[in-house]
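To start, the structure itself, in structure tokens.
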Amino acid sequence: MNGGRGSAGGEPSADDQPGRGNVRGMRAWHVEAPGPVTGHPLRLHTEDDMPRPGPGELLLRVLACGVCRTDLHVTEGDLPPHRPGVTPGHEVVGEVAALGEGAGRPGEGGFAVGDRAGAAWLRRTDNTCKFCLRGTENLCPNSLYTGWDADGGYAEYMTVPAAYAHRLPGGYSDPELAPLLCAGIIGYHALQRAELPPGGRLGLYGFGGSAHLAAQVALARGATVHVLTRGEQAKRLALELGVASVGEAADMPPEPLDSAILFAPVGELVLPALAALDRGGTLAIAGIYLSDIPPLNYERHLFQERQLRSVTSNTRADAREFLDFAGGHKLQVTVHPYPLDAADQALRDLKAGRFDGAAVLTP
Ligand SMILES: [Zn+2]
Ligand SMILES: [Zn+2]
């Protein structure tokens, strides 16, 4: 996706343009040998060529990039490599530094040089398959992903198709905006998949970056929220945000649930979460990964029209709805900052669970 392609129009100004003229290159991390982050799967290059925006693409100067668990899966090779030496990062807050040919058209988002824009996981879809045509582009079999199929935001600059870039809400710092672009959007989509009725009772299993944002959306909509998680800090944060109860991950909540979302990647928890549902209730599983689910008992776990659903990525419409919501409600975002040069440390700390909230890289 980057490099090599011709671009036209909207060249960045001279002092914004370290790569052209080759005075100096940009810094960017690359997954050179996928494997455990305790080794050295990532390498920082300091003299990379600047990416050039292709037709319909924006060049972003990265202001902040969130560190997501999916980046860990890309770096460690749990997700099969799609682009050798890829630069991870898909929660990117940037400033538009240049426009590729046609990228400023209103249909492509109407971005101009100097605008702030966000790049998220979903980078491109084919717009022609049956899933795209029926409004479920998150299921497009030809979709491409930022920081997996194309270089992402663990760098000073990156490109993003303008039609898949996001307008960002005011009222947040750049580091606070970054986690909204994956953790926030996915949590929001999971909430939709869980079909929480107005004023309903919601159970959240696990309480990390995504769950703590989804909880705030549900609470703002008048839901009663019960959090089931291990970890005293997570329980404290949940109570601070106004949830009705906290308990251990496998506990029964104090009342039957209309909806539940499983954020913890633990298949065993599907059973207590289904057992906690009221008649007709829905459990949505939010993660890309889940360990195996033990055998279900029909009577205890599914009868009375309880439903079990997965959550796959998100559509651009989900993202826009969530970012609009974030613009109208001040969400509390817990950020743990790292300099860009310490991205490998941030991933090691994420894996070891050394911080609360979301790690965010700033150049
Ligand atoms: Zn499609
Ligand atoms: Zn993510």
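The values are calculated or read from the model by the stated rules, or taken from the named source; none is laboratory data. The model shown is predicted, which means the values in this text are computed figures rather than measured ones. Neighbour counts run over all protein chains shown; Cβ positions are idealised from the backbone, glycine included. Protein only, heavy atoms only, side chains kept; ligands, DNA and RNA dropped before computing areas. Shrake-Rupley method; radii C 1.70, N 1.55, O 1.52, S 1.80 Å.
The table that follows gives values for the structure above.
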{"item": "Residue within region 71-78 that is in contact with a Pro (Cβ under 9 Å, 6 or more places away or on another chain), farther than 17 Å from residue 344 by Cβ, open to solvent by less than 10 Å² (accessible area, probe 1.4 Å) and modelled with pLDDT of 95 or more present", "result": "no"}
{"item": "In region 158-169, the residues that are more than 14 Å from ligand 1 (Cβ to nearest atom) and either open to solvent by 20 Å² or more (accessible area, probe 1.4 Å) or assigned to a helix (DSSP H, G or I) (or both)", "result": "162, 167, 168"}
{"item": "Residue check for residue 260: within 21 Å of residue 208 (Cβ to Cβ) and among the hydrophobic types (A, V, I, L, M, F, W, C)", "result": "yes"}
{"item": "Of all residues in region 339-363 being in contact with a Leu (Cβ under 7 Å, 6 or more places away or on another chain) and either buried (at least 21 other Cβ atoms within 10 Å of the Cβ) or among the hydrophobic types (A, V, I, L, M, F, W, C) (or both), the one that is nearest to residue 241 (Cα to Cα)", "result": "359"}
{"item": "Sole residue being buried (at least 21 other Cβ atoms within 10 Å of the Cβ) and not polar (S, T, N, Q), chosen from 139, 144, 133, 122", "result": "122"}
{"item": "Close pairs from region 141-152: first farther than 14 Å from residue 89 by Cα, partner open to solvent by 30 Å² or more (accessible area, probe 1.4 Å), Cβ under 6 Å, at least 6 apart", "result": "142/126"}
{"item": "Qualifying residue in region 14-26 (condition: at pLDDT 95 or above and away from ligand 2 (no atom under 16 Å from the Cβ))", "result": "yes"}
{"item": "Residue within region 87-108 that is within 16 Å of ligand 2 (Cβ to nearest atom), out of contact with any Cys (no Cβ under 8 Å at 6 or more places or on another chain) and of a type in the set (A, V, I, L, M) present", "result": "no"}
{"item": "Condition check for residue 172: under 26 Å from residue 212 (Cα atoms) and either within 16 Å of ligand 2 (Cβ to nearest atom) or free of Cβ contacts under 8 Å to residues at least 24 places away in the same chain (or both)", "result": "no"}
